[in-house]
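The values are calculated or read from the model by the stated rules, or taken from the named source; none is laboratory data. Remember, predicted model here, so these are calculated numbers, not experimental data. FYI the Cβ positions are ideal-geometry reconstructions off the backbone, even for glycines, and counts take in every protein chain you see. Please note that ligands, DNA and RNA were not included when accessible areas were found on the heavy atoms of the full protein model with its side chains. Shrake-Rupley method; radii C 1.70, N 1.55, O 1.52, S 1.80 Å.
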Amino acid sequence: MPPRRRRGLRAIVALLVLALAGWLAWQWWHWPDVAALARRPPATTAVIERWRERQRAAGRSDRVYRVWIAYPAIAPSIKVAVLVAEDVNFFSHHGFDSGEIQNALRKSFDDLELPRGASTISQQLAKNLWLSASRDPLRKAREAILTWQLERTLGKRRILELYLNVVEFGPGVWGVESASRRYFGKPAAELTDDEAALLAAALPSPAAWHPGSPSGAYRRHAEIVRRRMDKAQFLRRII
């Protein structure tokens, strides 16, 4: 290779290395403080901020009503309902459930039921708190690292507590306490199994599925969640 060409190639490699170093430095500087969640609840989430942007763009109010509630004050019924609907193996995995994809699809074919999502609650929490809606590989890598940090830094009950307080249960309804009060006129501590199933069934598509929705698919999914709750009584001893 001619010397001039070698120098040009080295310059390109050097620029690529500098660009990568700069990107890594930016990521490190802006990386979320996962450990802080052990001491205080998040002020907001990436999902909520995207919703607020859409509200403002449409000329609607972007006011967020979200009431934080501690883990012991959340009824066992909604904890079980969310676990069977979204991540029944939550307390036995370490943030990733590689077998859940196959199990979910197999169960949907065997029982003619809607499959559970393949993402764990820990992964969903990472996405809700910090990540964009993009599906690019870099975002998936950030999700994996943040999920690992959540599992390593926080206990299972704290992760579930955070999830139940930030997830959307209907259009603009954030967290289980505000959802319980909005739809049933009672605190989350008093949710029955049937009410909990209706809330948990909203999670795959909260914009269209929520208590009061006329969707037949939503009602069928709520019935499935309710049946799963009856079959998963062991969860009440764990939560």
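Miscellaneous remarks
- Within segment 20-63, considering residues that are aliphatic (A, V, I, L, M), over 27 Å from Leu164 (Cβ atoms) and open to solvent by less than 60 Å² (accessible area, probe 1.4 Å), the one modelled with the highest pLDDT: Ala58
- Some residue of segment 67-75 being at pLDDT below 95, surrounded by 13 or more Cβ atoms within 10 Å (Cβ to Cβ) and either touching a Lys or Arg at 6+ places or on another chain (Cβ under 9 Å) or among the polar types (S, T, N, Q) (or both): yes
- Considering segment 116-136, the residues that are over 14 Å from the mean Cα position of the chain (by Cα) and among the charged types (D, E, K, R) include one that is surrounded by the fewest Cβ atoms within 10 Å (Cβ to Cβ), namely Arg135.
- Of all residues in segment 137-180, those that are open to solvent by 10 Å² or more (accessible area, probe 1.4 Å) and among the hydroxyl-bearing types (Ser, Thr, Tyr) total 1.
- Test: residue in segment 195-215 that is within 14 Å of the chain's Cα centre (by Cα), of a type in the set (Gly, Ala, Ser) and assigned to a helix (DSSP H, G or I): yes
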